[in-house]
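What follows is one structure encoded as structure tokens, with my remarks underneath.
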Amino acid sequence: MTDDLVPSFTPALIAVLLNRENAKGEPLTEQEVIEIRDSSVAMMVPRSMERALAASRGYDDIDPENVWAEWQRVRVELQEG
């Protein structure tokens, strides 16, 4: 079994989006979220390495393929937490 390559964002997309939304002072639009994802630094790493990075961070990052829906879910979790 091979270890698939997956994108790993540095810093994590969650951190970047949270920082940008806090700086803006209001929710990001879908277009802004997509533009932030598209302009963020990412490298392709083995899935096992991404899992290890998530464990060291203490949380999984947002799936970049589903960035808008996942950001909406994470925003609610962060507001409740």
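Accessible surface ranking for Arg57, Arg47, 1.4 angstrom probe, highest first: Arg47, Arg57. For the chain, the carbon plus sulfur part of the accessible surface works out to 53%, probe radius 1.4 Å. Over the chain, accessible surface divided per residue gives 67 Å², non-protein components excluded, 1.4 Å probe.
With respect to the chain, whose longest principal axis is taken over its alpha-carbon atoms, helix 67-80 is tilted by about 70°. These residues, Ser40, Ser48, go from largest to smallest accessible area, 1.4 Å probe, as Ser48, Ser40.
Nearest 10 degrees, 0 to 90: what angle lies between the long axis of helix 13-24 and the longest principal axis of the chain (Cα atoms)? Computed tilt is about 20 degrees.
The values are calculated or read from the model by the stated rules, or taken from the named source; none is laboratory data. Computed from a prediction, not measured in an experiment: that's the story for all the values here. Surface accessibility is based on the protein's heavy atoms, side chains included, excluding ligands, DNA and RNA. Shrake-Rupley method; radii C 1.70, N 1.55, O 1.52, S 1.80 Å.
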